[in-house]
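Here's the structure, in structure tokens; my notes come after.
The values are calculated or read from the model by the stated rules, or taken from the named source; none is laboratory data. Note that this is a predicted model, so its numbers are computed, not measured. Methodologically, a virtual Cβ is constructed for each residue, glycine included, from the backbone with ideal geometry; neighbour enumeration extends over all protein chains shown. In case anyone asks, the SASA skips ligands and DNA or RNA and just uses the protein heavy atoms, side chains included. Shrake-Rupley method; radii C 1.70, N 1.55, O 1.52, S 1.80 Å.
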Amino acid sequence: MKIFATSDLHGILYDLDPSGADVVVIAGDFAKLNRLDMLGFHDQKKWVDERFIPWTQKYTEIEFVVVPGNHDVIFDRAKAGLFPEMNFNVKFPKNVHLLLNEGIEIQGVSFYGTPNIPIINYRWAFESNGKTMKDSFSKIPENVDVLVTHSPPRIQGKFIDTSLQWGGTEFFGSYELADAILEKSPRFVFCGHIHSGSHEPCEFGKSMIYNVARVDENYEIAYPPVVVEV
């Protein structure tokens, strides 16, 4: 199986062509978000319906495994519930699989996706405290082939998840996720969230971890997708 993995598109689908892949993995922050209010939520839903879904349907022979990120607010029930008058339900085509702490098997390869990230400022989607993160990650199946997370694990000194947005001096990611990766031993881990962190593959325990964020801190295309054989 050939997997085409990317993340942090932030609504930029330009020149993103997964032709030849069997599965496209998107590790969060795929949707466009202009503002954190009802209009912004409405526009994000419209972008998913009118831009993202038609893009996926240009590749009907490919399966899409999508995990939302902290910018993908319409997929967080708590955030969407702030505007009860709006309907943010998205009807994805059969080849697009949105994973919210759940798994799927495709051509004999197991995938599991989780959107949870450490708390930033309580304004974004899927922000979680340490206990919630630990509880969510405890549901990851052991020895899953492909784990897709929006947050990176926090492995200071090895998987360097610094962000140029903060002067390159702060480390981000989840200790709880790092612990879960060691315990569950997924073969591959695809994550994003930290745009300008290290994009070098990282061997951690029995897993290979990839930061597949596509844009830099200025939200400009900076990194190519990762293609791996599973």
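For this structure, a couple of remarks:
- For the range 127-158, residues that are without any contact (Cβ under 8 Å) to a residue 24 or more places away in the chain and closer than 15 Å to H193 by Cα total 1.
- Scanning the range 137-153 for residues that are modelled with pLDDT under 95 and buried (at least 19 other Cβ atoms within 10 Å of the Cβ) returns S151, P152, P153.
- Screening D15 against (1) surrounded by 15 or more Cβ atoms within 10 Å (Cβ to Cβ); (2) touching a residue at least 24 places away in the same chain (Cβ under 8 Å); (3) more than 28 Å from R187 (Cβ to Cβ) leaves a single unmet condition, (1).
- For the range 37-59, the candidate set comprises residues that are closer than 30 Å to A21 by Cα and not in a helix (DSSP H, G or I); within that set, the residue that is least open to solvent (accessible area, probe 1.4 Å) is Y59.
- Counted residues, the range 60-75 - those being open to solvent by 20 Å² or more (accessible area, probe 1.4 Å) and either assigned to a loop (DSSP other than H, G, I, E, B) or modelled with pLDDT under 95 (or both): 3
- Applying a threshold of 6 Å to beta carbon distances and a minimum spacing of six or more residues, or different chains, the list of pairs starting in the range 104-118 at a residue that is on the phi > 0 side of the Ramachandran plot and ending at one that is among the hydrophobic types (A, V, I, L, M, F, W, C) and open to solvent by 20 Å² or more (accessible area, probe 1.4 Å) reads Q107/M1.
- Condition check for E217: touching a Leu at 6+ places or on another chain (Cβ under 8 Å), at pLDDT below 95 and either assigned to a helix (DSSP H, G or I) or over 20 Å from F75 (Cβ atoms) (or both): yes
- Scanning the range 1-12 for residues that are out of contact with any His (no Cβ under 8 Å at 6 or more places or on another chain) and either assigned to a strand (DSSP E or B) or open to solvent by less than 10 Å² (accessible area, probe 1.4 Å) (or both) turns up K2, I3, F4, A5, T6, L9.
- Whichever residue in the range 18-36 is under 16 Å from N95 (Cα atoms), in contact (Cβ under 8 Å) with a residue 40 or more places away in the chain and part of a loop (DSSP other than H, G, I, E, B) and, among such residues, is most open to solvent (accessible area, probe 1.4 Å): S19
- Looking only at the range 76-120, and only at residues there that are of a type in the set (S, T, N, Q) and not in a loop (DSSP other than H, G, I, E, B), the one that is most open to solvent (accessible area, probe 1.4 Å): S110
- Selection within the range 173-212 - β-branched (V, I, T) and free of Cβ contacts under 8 Å to residues at least 60 places away in the same chain: I181, V189, I194, I209
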